[in-house]
Amino acid sequence: MTPFFFGLAGQRLTNDERTLFGDVEPAGYILFKRNIADRAQLRALTDDLRALSGRADLPILIDQEGGRVARMQPPEWPEFPKAVRFDAAYEVAPVSAIEAARANARAIALTLAEAGITVDCLPLLDVRQPGASDIIGDRAFGSEPLRVAALGRAVIEGLRDGGVVGVVKHMPGHGRALVDSHHELPVVDAGLEELEIDLAPFIALKHAPMAMTAHVVYTAWDSENCATLSPKVIEEVIRNGIGFDGLLMTDDLGMHALKGDFGERTRRALQAGVDVVLHCSGDFNEMKACIAAADEIGVASRVRLDRAMATVATPADIPPLDELLATRDQFLAAVNA
């Protein structure tokens, strides 16, 4: 097995993809809107990926947050609210907001599990800061760390109840970034005391099964390297400071915050200490360059992967989708009344 979560080009595996993936056995895959048509097609694709890998617990990832980040969309699937709705509800009635977030996450998990998707890149634990780029914005659960942690915990638990693994992101915090890391490299000059605010939700959820790094430079920790490529940030801040020992993946290696060819990006990320490299575009030549720069997945990383995916096999007995959506809406309506 190799330490990659790879994207696909289209709605079914090409012959070239099938050969490449069969040879190198990626740790898992990530799906986007370009890969999705309807229920039947999506389930056929995820079943094909599992058959190719020979692993029932294959990580198949998606970004199904709700709001503006939703790869599975109406009318085929329900529309899910953006995180700021739960933030606003928490302001009025914290317990109701938490239960609404839990019901919403359970509903998301049911739609993903039906489609054969096993990992959702959710929740964001980024603490929103005034003046920051809106790349996080309404995707965040708020600007108060305890609130972000409480709502994030409900999401992790709700996804797990439905048999889906959650991914906390973007560790150690994207909420202060003044630019969008999809397009350029953010540099955060906040001091150590200020950064404690950003770390707090991640510390509270340090036992989450998976996490995603931020392509952000934090000058207080490492002025030369973004978190994804920084051995100091990954070892001293994420592993030791936060205490996170789950599976740590990069954010997308194709984002313009990173420089250098894809082999260099892969080598630097793995040398920094991430467990798995995320490459999303489905570009065949870029994937081959990544593969050439990596060895087999490390023993500790494989243990973390297996431990994270173990939750998929034990979904809780939860209500049907319509009932969960109604429960969520009742909590939100009561808060907005």
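The residue that is surrounded by the most Cβ atoms within 10 Å (Cβ to Cβ), among those in the stretch 11-54 that are closer than 29 Å to Arg102 by Cβ and of a type in the set (Lys, Arg), is Arg50.
Within the stretch 219-241, restricting attention to residues that are among the small types (Gly, Ala, Ser) and in contact with a helix residue (DSSP H, G or I) (Cβ under 8 Å, 6 or more places away or on another chain), the residue that is farthest from Ser181 (Cα to Cα) is Gly241.
If you go through the stretch 284-325 and keep only what is surrounded by 13 or more Cβ atoms within 10 Å (Cβ to Cβ), without any contact (Cβ under 8 Å) to a residue 60 or more places away in the chain and out of contact with any Ser or Thr (no Cβ under 9 Å at 6 or more places or on another chain), you end up with Glu286, Val303, Arg304, Glu323. Take the conditions surrounded by 21 or more Cβ atoms within 10 Å (Cβ to Cβ) and outside any loop (DSSP other than H, G, I, E, B) and apply them to Gly175. Does it pass? The answer is no for Gly175. Counting the residues of the stretch 130-160 that are part of a loop (DSSP other than H, G, I, E, B) and either touching a strand residue (DSSP E or B) at 6+ places or on another chain (Cβ under 9 Å) or at pLDDT below 95 (or both) gives 9. Using the structure shown, decide if Ala308 is part of a helix (DSSP H, G or I), more than 19 Å from the chain's Cα centre (by Cα) and either within 30 Å of Arg268 (Cβ to Cβ) or small (Gly, Ala, Ser) (or both). For Ala308, the condition - part of a helix (DSSP H, G or I), more than 19 Å from the chain's Cα centre (by Cα) and either within 30 Å of Arg268 (Cβ to Cβ) or small (Gly, Ala, Ser) (or both) - is not met.
Rundown of residues vs (1) touching a Phe, Trp or Tyr at 6+ places or on another chain (Cβ under 6 Å); (2) among the β-branched types (Val, Ile, Thr); (3) surrounded by fewer than 21 Cβ atoms within 10 Å (Cβ to Cβ), yes/no style:
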{"position": "Lys169", "(1), (2), (3)": "no, no, no"}
{"position": "Val179", "(1), (2), (3)": "no, yes, yes"}
{"position": "Glu194", "(1), (2), (3)": "no, no, yes"}
{"position": "Asp198", "(1), (2), (3)": "no, no, no"}
{"position": "Glu235", "(1), (2), (3)": "no, no, yes"}
{"position": "Asn240", "(1), (2), (3)": "no, no, yes"}
{"position": "Leu247", "(1), (2), (3)": "no, no, no"}
{"position": "Thr250", "(1), (2), (3)": "no, yes, no"}
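Of all residue pairs spaced 6 or more apart or on separate chains, those with beta-carbon atoms under 9 Å, a first member in the stretch 7-31 that is of a type in the set (Ser, Thr, Tyr) and a second member that is assigned to a loop (DSSP other than H, G, I, E, B) are Thr14/Leu8; Tyr29/Leu8; Tyr29/Leu58; Tyr29/Pro59.
The values are calculated or read from the model by the stated rules, or taken from the named source; none is laboratory data. If you're wondering where the values come from, they're calculated on a predicted model, not measured in any experiment. Cβ sites come from the backbone with ideal geometry, for glycine too, and all protein chains shown count toward neighbours.
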